[in-house]
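Written out below as structure tokens is the structure these notes cover.
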Amino acid sequence: MIFWKLFYTFCKIGIFNFGGGYAMIALIQNEVVVKQGWMTLAEFTDIVATSQVTPGPIGINVATYAGYTSVVNAGYDPFWGVAGAFLASFSVILLPFLLMLIVSRFLLKYKDHPIVKTVMSVLKLTVIGLIAAAAVLLVSSETFGTYSESPLQFFLSIGLFAAAFFLSLKRKLGPIALIVLAGVVGFVVYYGL
């Protein structure tokens, strides 16, 4: 039954995720697209994009949309998709919440211990790798398109990516301004004024 698999899968993602929502994206993609085959990479890419522009933490948003899509793609009614969305969201936070209740007392007491500091520094490197994996996941033909299908979309995607990277890194432009700017450019290019 998909609900049990969904619960188990998202509990596993939640307990083995380090580094927050962006690090979680690669784990979710590996489970729901590669291992379980509950959705296509194109559907998952759309879920990540939607999760970026909806309020709330991105990891929970991706889990919510992935739970819904997985259940609906399995042939269930959209009502059960909502149950799948809730179950995935609940499952991804359940074990980390319980673990933090237990570990927080230990961490507060021993945060300056050399072993704890070493473990935390190694986890920081792991987080950087997971976030990089999420970024690489999004560099695909589903995101950028292909030159053979639509040269305009392909070059526009690369241009927007480069501009967003530059404006974020050098000009310190925030994500909301970048999203609005990209939306305006896309509107002008595709629909004109």
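The values are calculated or read from the model by the stated rules, or taken from the named source; none is laboratory data. What you see is a predicted model, and the numbers here were worked out from it, not measured in a lab. Don't worry about glycine lacking a Cβ; one is built from the backbone with ideal geometry, like all the others, and counts go over all protein chains shown.
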Problem - Residue satisfying condition, being among the small types (Gly, Ala, Ser) and closer than 20 Å to Gly19 by Cα, within set Ala164, Ala177, Ala134, Ala182 - result: Ala134
Practice task
Could you pull out the residue among Val71, Val82 that is out of contact with any Ser or Thr (no Cβ under 9 Å at 6 or more places or on another chain), crowded, with 18+ Cβ neighbours inside 10 Å and in a helix (DSSP H, G or I)?
Solution key: Val71
Practice task
Go through the residues of the stretch 96-112 one by one and say whether even a single one is assigned to a helix (DSSP H, G or I), surrounded by 14 or more Cβ atoms within 10 Å (Cβ to Cβ) and either of a type in the set (Gly, Ala, Ser) or modelled with pLDDT of 90 or more (or both).
Solution key: yes
Exercise for the section: Output the number of residues of the stretch 105-120 satisfying the condition of being within 17 Å of Gly20 (Cβ to Cβ) and either under 17 Å from the mean Cα position of the chain (by Cα) or among the polar types (S, T, N, Q) (or both). Expected result: 0
Exercise for the section: Taking the options Ile13, Ile25, Ile47, name whichever one is free of Cβ contacts under 8 Å to residues at least 40 places away in the same chain, among the β-branched types (Val, Ile, Thr) and crowded, with 21+ Cβ neighbours inside 10 Å. Expected result: Ile47
Handout entry: Residue that is farthest from the chain's Cα centre (by Cα) [pool: residues in the stretch 133-177 that are outside any helix (DSSP H, G or I) and among the small types (Gly, Ala, Ser)]
Key = Ser148
Handout entry: Criterion: closer than 28 Å to Ile28 by Cβ, in contact with a Leu (Cβ under 7 Å, 6 or more places away or on another chain) and of a type in the set (Asp, Glu) - qualifying residue of Glu142, Glu149
Key = Glu142
Exercise for the section: Assess whether Gly59 counts as being more than 17 Å from Gly21 (Cβ to Cβ), surrounded by 15 or more Cβ atoms within 10 Å (Cβ to Cβ) and touching a residue at least 40 places away in the same chain (Cβ under 8 Å). Expected result: no
Fill in the blank from the handout: Scanning the stretch 9-19 residue by residue, those within 17 Å of Phe97 (Cβ to Cβ) and either part of a helix (DSSP H, G or I) or not aromatic (Phe, Trp, Tyr) (or both) turn out to be Phe10, Cys11, Lys12, Ile13, Gly14, Ile15, Phe16, Asn17, Gly19
Exercise for the section: Say whether the condition of being outside any helix (DSSP H, G or I), out of contact with any helix residue (DSSP H, G or I) (no Cβ under 7 Å at 6 or more places or on another chain) and at pLDDT 95 or above is met by at least one residue in the stretch 49-67. Expected result: no
Problem - Complete set of residues in the stretch 127-163 that are under 17 Å from Leu41 (Cβ atoms), in contact with a Phe, Trp or Tyr (Cβ under 7 Å, 6 or more places away or on another chain) and hydrophobic (A, V, I, L, M, F, W, C) - result: Ala134, Phe144
Fill in the blank from the handout: By residue number, the members of the stretch 20-41 that are in a loop (DSSP other than H, G, I, E, B) and touching a Pro at 6+ places or on another chain (Cβ under 8 Å) are Gly20
Exercise for the section: Test Glu31 against the stated conditions and say whether it is touching a Lys or Arg at 6+ places or on another chain (Cβ under 8 Å), in contact (Cβ under 8 Å) with a residue 12 or more places away in the chain, surrounded by fewer than 23 Cβ atoms within 10 Å (Cβ to Cβ) and not hydroxyl-bearing (Ser, Thr, Tyr). Expected result: yes
